[in-house]
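The values are calculated or read from the model by the stated rules, or taken from the named source; none is laboratory data. If you're wondering where the values come from, they're calculated on a predicted model, not measured in any experiment. All Cβ positions, glycine included, derive from the backbone under ideal geometry; neighbour counts span all protein chains shown.
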Amino acid sequence: MFITLMIVVFVLGYAAIAFEHPIKIDKAASALITGVLVWTLFVFTGADTHFIEEELLHHLSEISSILFFLLGAMTIVELVDAHEGFAIITDKITTTKKVRLLWIISVLTFFFSAALDNLTTSIVMISLLRKLIDDKHDRWFFAGIVVVAANAGGAWSPIGDVTTTMLWIGGQLSTMTIITSLFIPSLVAMLVPLIILTFTMKGNITRPKRMDGIEHYTNPTTKFERNLIFFLGVAGLLFVPIFKTVTHLPPFMGMMLSLGVLWAVTEIIHSSKNSEDKSQLSVIGVLRKVDTASVLFFLGILLAVAGLQSAGQLVLMAGSLNDLFAGNVYAINIVIGLFSAIVDNVPLVAGSMGMYEIAETGDFAKDGVFWQFLAFCAGTGGSALIIGSAAGVAVMGLEKIDFVWYLKKISILALIGYFAGAGTYILIQSL
C-alpha cells in the first residue's frame, strides 16, 4: 500500500511541477514536498529503519555532489558574467537572423558539452543567450534547443554526461568506443531538429540594449580583467574533468578548486578598488545572483527519484522491460531513454548496470552494443521533457521556462532527433 502511495505522490508532485504556473506554486516547493513525502512513506512500508537511513545518506552524498557541482559552476559563470567576460564571444556573434544564430549556438553547445559536460555547458550558454536575445520567448526557444544540443553533445564523450561517465568508470565502455560509436548518432540527434527549424523558422532576434551602470564609468573593469577572468573561468571549467580523471575524486572537488582559485584571483586584482565597486565583482557579490531556488528544486526532484530507486521500483521496471521485449537490446534501450525523460537517467542507468552483468562476449560484453546504445539513449532521451535531464533542469531554473511551453514547442523536435539518432545507430550496427 505505502509503495503504491510513494508512486502516487511522485506522480502528483511531478504534475505540480509541470503545472507550476496554473497552480501558482513554485516548482521548488513542489519538488521538496514530493522528495520528503516519498521518503516518509518509505519508512511506513515496514522496511528496516536503519537500512532506510543508510540508503538516504548514501543518496544524499551523491545528490550533494551534484548540487555543489551545480553551485560552483553557476558561481563561476556569474563571476565571468559580472566581469563582462562573455563579450569576447558575444561581440563576435553579429548575426541577428534566427536560423543562423540557432546553428551557431547549437554547434557551440554540442562541442562544448563534450569538452565540459552538458550541465556546465547549459549554464554557460544561457548566460550567452541573455547577452544575445532580448525577447523572453525567443530566448526560451533557443534555450530549449540548447538542452537538445547539450544532451546530444554529452552522450558521445566519456565526460560529457553523467550516465556515460558511469558506464565509462564502471568498465562497460572504453573511451574510444564511446567516441567512435556514438559521435554520428549524437550528431544526427542534434542536426535533424536543426534542419527542420531551418525550413520553418523565420525572422530576426532583437538584441538587448547594453545598460552600463555608473560603476562602469567610475571604476570600470579593464580589458585585461575581462579577458583574465573569462579565460580563467573557462580553464577552470575545463580543468574539472581532467582533475577527476587524474585524482578519481568527485567532479565537485575540481569545481570547488577552480572556484577557489578564481575567488583568490578576483580578490587580488580588485584589492585597490573601493568596497562598493569591489563587491559587485567578488564571489561574495555574485553569490547573491545565484538562483538558490533552482538548487533546492534539484534537491527535491533527486530525493524523490532516489526514494523510488531505494524502494526497488526502478529495478522492477527494468526487469519488466526485459521480459516485455524478450531481451531485445535496441527496444529496451529506446524505452529506457524515453523513461529518462520522466525520471532521472542516473538511477535508470544504475539499475541497468545492476541488473546486467558484463559478459565475456555478445551484446553485454565490455564495449558491447547494449552498453553503447544505453549511453546514447539515456543521454539524449531526457531532452524530450525539460525535467528529464540535468541540463534541462538547470535551464528551467535559470530561465523560468514553463514545463507545458517546452512540451508544446521543443518536445516533438527532441523526440524526432532522438529517434533519428537511434535509427542511425541501429543502421550503422546492421552494416
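Quick notes
- Filtered residues of segment 404-428 (kept if aromatic (F, W, Y) and closer than 27 Å to H137 by Cβ): W405, Y406, Y418, F419
- Residue match in segment 153-164 (condition: surrounded by 24 or more Cβ atoms within 10 Å (Cβ to Cβ), among the acidic types (D, E) and either outside any helix (DSSP H, G or I) or in contact with a Ser or Thr (Cβ under 8 Å, 6 or more places away or on another chain) (or both)): yes
- Among the residues here, G388 qualifies as part of a loop (DSSP other than H, G, I, E, B), crowded, with 24+ Cβ neighbours inside 10 Å and at pLDDT below 90.
- Of the criteria (1) of a type outside the set (D, E); (2) under 21 Å from A306 (Cα atoms); (3) in a loop (DSSP other than H, G, I, E, B), which one I401 fails: (2)
- Extreme residue, nearest to V9 (Cα to Cα), among residues of segment 314-328 that are touching a helix residue (DSSP H, G or I) at 6+ places or on another chain (Cβ under 9 Å) and at pLDDT 80 or above: L324
- Residue that is nearest to M396 (Cα to Cα) [pool: residues in segment 275-304 that are modelled with pLDDT under 80 and over 26 Å from the mean Cα position of the chain (by Cα)]: Q280
- Residue count, segment 234-257 (criterion: at pLDDT 90 or above and over 25 Å from I63 (Cβ atoms)): 1
- Some residue of segment 139-148 being farther than 22 Å from A384 by Cβ, over 13 Å from the mean Cα position of the chain (by Cα) and surrounded by fewer than 24 Cβ atoms within 10 Å (Cβ to Cβ): no
- Subset of segment 20-54 [small (G, A, S) and over 28 Å from the mean Cα position of the chain (by Cα)]: G46, A47
- Of residues in segment 261-274 being touching a helix residue (DSSP H, G or I) at 6+ places or on another chain (Cβ under 9 Å) and of a type outside the set (S, T, N, Q), the one modelled with the lowest pLDDT: H270
- Unmet criterion (only one of (1) closer than 28 Å to L249 by Cα; (2) of a type outside the set (A, V, I, L, M); (3) surrounded by 16 or more Cβ atoms within 10 Å (Cβ to Cβ)) for S30: (1)
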